[in-house]
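Worksheet: one structure, shown below.
The values are calculated or read from the model by the stated rules, or taken from the named source; none is laboratory data. Note that the coordinates shown come from a computational prediction; the quantities given were computed from them, not determined experimentally. Every residue, glycine as well, gets a Cβ built from its backbone with ideal geometry; the counts of neighbours run over all protein chains shown. Quick note on the areas: whole protein, heavy atoms, side chains included, nothing else; ligands and nucleic acids left out. Shrake-Rupley method; radii C 1.70, N 1.55, O 1.52, S 1.80 Å.
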Amino acid sequence: MPYRQSLHIEAPVEKVFDAFRDPRTWRDVAASGVSFGDTHCTPEGLGTHYTWTANLAGIRLHGFNVYIEFVPNRRITDRSSLSLEGTWTYEFEPEGSGTRLTMENRSGGLWRLWPLEPLLARATAASHGPVFEKVKAKLESGQ
């Protein structure tokens, strides 16, 4: 069971998509203890990559992520070197005067085993839910 969250953002699809196109955008809204390192954005989006570090229960994690799917104003799939993170898929759909943003995380490796998967989905919701709310607030405020 992957982690999945969907929310409405009162901003056009293009603006919401652009916030996810460049991983440097996340520096302003990242959870406490998460930092982003080297970032390389490709002109076509596919192959954009970045490094990050995070503290999880006193353990320092390091990751390398790359965009493996990039469909302008529709979808980005971001794969992590860390199986705990797995892949993140972001889908962008027009909804009224705004955008329906749906995020899905599929962990890899051992984390796909039941009963670990539901535990990881709950932990992901607790850690990432507030970050997505910050993204929503930032985009709706016009920043």
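Taking only the C-alpha atoms of the chain, the Rg (one decimal) and the largest Cα-Cα distance, Dmax (whole number), read 14.7, 43 Å.
Write down the accessible area per residue of the chain in Å², having rolled a 1.4 Å probe over the full set of protein chains. Don't skip to the end; give the middle numbers.
Working: 7690 Å² over 143 residues.
Averaged over the residues of the chain, the accessible area is 54 Å².
Toward the positive end of the charge dipole of segment 1-42, with +1 on the Cβ of Lys and Arg and -1 on the Cβ of Asp and Glu, the farthest Cα among H8, S32, A19 is that of S32. The accessible surface of the chain, taken with every protein chain in place and a 1.4 Å probe, is 57 percent carbon and sulfur. Three principal axis extents describe the C-alpha atoms of segment 1-72; from largest down they are 39, 28, 28 Å. Between the helical axis of 116-140 and the longest alpha-carbon principal axis of the chain there is an angle of about 30 degrees.
Computed from label points 7 Å out along Cα-Cβ, the spacing between A31 and A137 is 1.7 nm.
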